[in-house]
Amino acid sequence: MPHVDGSVGIGSTSEREVASLETDAQLDALCDKAVAICPALASAPVVDRWAGIRPRAKSRAPLIGPWPGREGHFVANGGFKIGFGMAPAVARMVADLVLEGRDTIPEGFHS
Ligand SMILES: Cc1cc2nc3c(=O)[nH]c(=O)nc-3n(C[C@H](O)[C@H](O)[C@H](O)COP(=O)(O)OP(=O)(O)OC[C@H]3O[C@@H](n4cnc5c(N)ncnc54)[C@H](O)[C@@H]3O)c2cc1C
């Protein structure tokens, strides 16, 4: 992914079990692949490496609704790999629920 400042982002790996947020050999392999595809990257300095936890609910669907056992608290999480695109719709569902008591949450997304 080329960035406007001239840097290039390379990613990403995906793992089900995570013991630490240190990046490892999987990212080394990814960088090697990027250089194989685009040899000009071989001389580019690595400015950063990072790992994060991508929130996933029980299913791959977002998890939205009242927080069981916590009156007045709500959950809007588990966006996983569709969270960016779903965020506006999730926000609308949560606003409808919290502000107007209207439940428009699809059955598969319920907390
Ligand atoms: C490591 C990682 C990888 C991901 N990868 C993908 C991906 O590849 N594709 C994809 O579609 N989704 C991905 N997601 C999920 C996606 O990022 C989320 O689903 C999405 O950002 C949720 O949007 P949101 O607006 O609901 O919440 P957020 O993006 O979390 O925004 C909430 C905002 O509210 C602010 N905030 C919190 N509390 C307060 C407060 N009290 N007052 C004011 N502001 C506050 C926070 O600072 C934040 O800016 C990933 C998430 C993570 C963590």
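Annotation: of all residues in the range 1-28 being hydrophobic (A, V, I, L, M, F, W, C), surrounded by 10 or more Cβ atoms within 10 Å (Cβ to Cβ) and modelled with pLDDT under 95, the one that is farthest from Ser59 (Cα to Cα) is Leu27. The set of residues from the range 58-68 being surrounded by fewer than 17 Cβ atoms within 10 Å (Cβ to Cβ) and hydrophobic (A, V, I, L, M, F, W, C) comprises just one member, Trp67.
Do you know which residues across the range 34-57 are more than 15 Å from the ligand (Cβ to nearest atom) and surrounded by 11 or more Cβ atoms within 10 Å (Cβ to Cβ)?
Of the range 34-57, the ones more than 15 Å from the ligand (Cβ to nearest atom) are 34-47.
Across the range 34-57, the qualifying residues are Ala34, Val35, Cys38, Leu41, Ala42, Ala44.
Quickly run through the range 51-78 and pick out the residues that are within 30 Å of Gly6 (Cβ to Cβ) and in contact with a Leu (Cβ under 8 Å, 6 or more places away or on another chain). Once the filter is applied, which keeps residues that are within 30 Å of Gly6 (Cβ to Cβ) and in contact with a Leu (Cβ under 8 Å, 6 or more places away or on another chain), the range 51-78 yields Ala51, Gly52, Ile53. For Leu21, the requirement of being over 14 Å from the mean Cα position of the chain (by Cα), among the hydrophobic types (A, V, I, L, M, F, W, C) and within 14 Å of the ligand (Cβ to nearest atom) is met. Here the condition is being under 30 Å from Glu107 (Cα atoms), part of a loop (DSSP other than H, G, I, E, B) and either hydrophobic (A, V, I, L, M, F, W, C) or touching a residue at least 60 places away in the same chain (Cβ under 8 Å) (or both); of Val75, Val18, Val4, Val46, it holds for Val18 alone. I want to confirm something. Restricting to the range 52-111 and keeping residues that are closer than 24 Å to Leu21 by Cβ and among the charged types (D, E, K, R), which single residue is farthest from the chain's Cα centre (by Cα)? Here the residue is Lys58.
The values are calculated or read from the model by the stated rules, or taken from the named source; none is laboratory data. None of the values given here were measured: they were computed from a predicted structure. Positions of Cβ are generated from backbone atoms using ideal geometry, with glycine treated the same way; all protein chains shown enter the neighbour counts.
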